[in-house]
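J.: The structure follows.
The values are calculated or read from the model by the stated rules, or taken from the named source; none is laboratory data. Here the structure is a predicted model, which is why all the values come from computation and not from measurement. Reconstructed Cβ throughout: ideal geometry from the backbone, glycine too, with neighbour counts over all protein chains shown. When the accessible area is computed, the model is the full protein with side chains, heavy atoms only, and any ligands, DNA or RNA have been set aside. Shrake-Rupley method; radii C 1.70, N 1.55, O 1.52, S 1.80 Å.
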Amino acid sequence: SANDELEHMVKKHIQAHLTTKSLGHTILYNKEVDSTQTILHEEFRMAPEGTICLTNVQNKGKGRGSNEWDSPMGCLMFSFRSYFRNGQQLPFVQYLVSLAIVKAIHRTAGQELDPDLFQIKWPNDIYGKQQKIGGILCQSEYVDGTFQVTTGLGINVDNQHPTVCINQILHDIFG
């Protein structure tokens, strides 16, 4: 089917660029889902470390608490699984992911950016030009001596609604 072909192309493209030990080596992809976080955290509880659940559109994206994340086409949405034996590391996961996202935005811009243009808003939001453009959600469970962490991300890359997106901010600056 067309969805199977698209799934194969997405996986092949992502995996061709991997330099990671485990992240992204297993990919669950569907064009449209309710929530990548729910799929990975609840339906694929025993997924191997590094498994990514990726979609183009989420209908019920999860935010902090009971908040929902509006996830239209153009938003980068995925969740991934990681495992930790040391529970003291867990509070740092979302902060490291947040830092990695901001660093990736600066690196892919291709030009020097004002360091304040894209920022982390404590504890789990990504801001661009003082407006929320994304968020990170971590959920963990302790199973058989290991903390299973599902980390979900939603980043407005090329969708100007519901707020603003990375591409629009960069276009406004560089034309």
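J.: Out of the trypsin sites (Lys or Arg not before Pro) in region 46-132, which ones are loop residues according to DSSP with at most 12 other C-beta atoms within 10 Å?
T.: 85
J.: Given a cut-off of under 8 Å on Cα pairs at least six residues apart, what relative contact order in percent is computed for the chain?
T.: Averaging sequence separation for qualifying contacts and normalising by length gives 19 percent for the chain.
J.: Report Rg(Cα)/(2.2 N^0.38 Å) for region 56-175, keeping two decimals.
T.: 1.11
J.: Oh, and also: Which of the listed residues, 52, 99, 127, is farthest toward the dipole's positive end in the chain, when Lys, Arg count +1 and Asp, Glu count -1 at the beta-carbon?
T.: 99
J.: Now for a different question. Projected onto the charge dipole of the chain (+1 at Lys/Arg Cβ, -1 at Asp/Glu Cβ, origin at the Cα centre), which of 38, 16, 61 gives the Cα projection farthest towards the positive end?
T.: Among 38, 16, 61, the one farthest towards the positive end of the dipole of the chain is 16.
J.: Also, I was wondering about something else. If you take the square roots of the eigenvalues of the alpha-carbon gyration tensor of region 67-109 and sort them as a ≥ b ≥ c, do you get rounded (a/c under 1.5), prolate (a/b over b/c) or oblate?
T.: Oblate.
J.: Can you list the lysines whose alpha carbon is less than 21 Å from that of residue 121, not counting same-chain residues fewer than 8 positions off?
T.: Of all the lysines, those that pass the test against residue 121 - Cα under 21 Å, at least 8 places apart if same chain - are 62, 103, 129, 132.
J.: Okay, next question. Using the membrane-span-like helix rule (whole DSSP H runs, Cα extent along the own axis of at least 20 Å, mean Kyte-Doolittle hydropathy at least 0.0), which helices of the chain qualify?
T.: Correct list, ordered by number: 90-108.
J.: Residue 174: accessible area at probe 1.4 Å, nearest 10 Å²?
T.: Accessible area, nearest 10 Å²: 80 Å².
J.: Keeping all protein chains in place, calculate the accessible area per residue for the chain (probe 1.4 angstrom), answer in Å².
T.: 58 Å²
J.: Turning to a different aspect of this structure: Determine the dipole magnitude for the chain: charges of +1 sit on the beta-carbon of Lys and Arg, -1 on that of Asp and Glu, nothing else is charged, the reference point is the Cα centre, and the result goes in debye to the nearest 20.
T.: The dipole of the chain has a size of about 360 debye.
J.: Quick one: pull the percent of accessible area on region 77-175 belonging to carbon and sulfur, 1.4 Å probe, ligands and nucleic acids left out.
T.: 54 percent
J.: For region 61-132, rounded, prolate or oblate, judged on the Cα gyration tensor with a ≥ b ≥ c (square roots of eigenvalues), a/c < 1.5 rounded, else prolate if a/b > b/c?
T.: Verdict is oblate for region 61-132.
J.: Springs between alpha-carbon atoms under 10 Å, Gaussian network over the chain: tell me which of 92, 44, 80 tops the mean-square fluctuations.
T.: Result for the chain, Cα springs under 10 Å: 92 fluctuates most.
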